[in-house]
Amino acid sequence: MTYLADKSIVVGNRSRVWIAALVVALLQTAVLGYMVGERAWGLRSGTEVLLKTAPVDPRDLLRGDYVILNYDISRVPAASLTDGPPNKSLDNQVLSVRLKKQDDGYWGIVESSFGTLETKPDTVVLKSLPFNYVFYDDPVYRAEAISVNYGIERYYVPEGQGHDLENARNDNRVAIAARVSSSGSAVIRSLLLDGKAVYEEPLF
């Protein structure tokens, strides 16, 4: 009887392990599916904006098979803040940046806020990734611009083609067409070289 009881306990434990593994696998699949679906939805429904890339410090070399991207909008002028810069340091902050199409076809910053920016015609509101804002009481050390990331700072390319693209980027020949969703997140739609799309992202 003891043997049967012990065997039943072992079988029960194995069943629970399999059920737990199945639940974890289903959760991982659901999360991955959500991420893919969210990206696909952004590519389908987001507003397309053309962003001008900026040179990157030459010490930031190609990492693997992706190109490091920096944008004109990566440095948000403090003067564009609707309520002015905060007078204290803040952790884990998100900056909302309103973009509008400029005369040269690229989209640029017209205003920004640590709060909410309402929807306006012919503009999009792009949200930065969370970052720590540092306030300097001495005005001498206060930055005139706030450096932010938007989650579109790297682009994966075929092996061996990254260095040429980085050189072109530093020669101001590379641009990015991105889609901005209604929630403010951005997804790269295509990479342009000399105004022509050379890489385009599939919806899935």
- Task: With the checklist (1) exposed (fewer than 12 other Cβ atoms within 10 Å of the Cβ); (2) more than 15 Å from Val76 (Cβ to Cβ); (3) acidic (Asp, Glu) in hand, flag the one item Glu144 doesn't pass.
- Result: (2)
- Item | Lone unmet requirement of (1) within 15 Å of the chain's Cα centre (by Cα); (2) modelled with pLDDT of 95 or more for Thr53 | (2)
- Say we look at the range 69-107 and pick out the residues that are among the small types (Gly, Ala, Ser) and in contact (Cβ under 8 Å) with a residue 40 or more places away in the chain; which of these is nearest to Leu192 (Cα to Cα)? Gly105
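The values are calculated or read from the model by the stated rules, or taken from the named source; none is laboratory data. Predicted model, so just to flag it, every value in this text is computed and none were measured. Note that we place each Cβ from the backbone using ideal geometry, even for glycine, and neighbour counts take in every protein chain shown.
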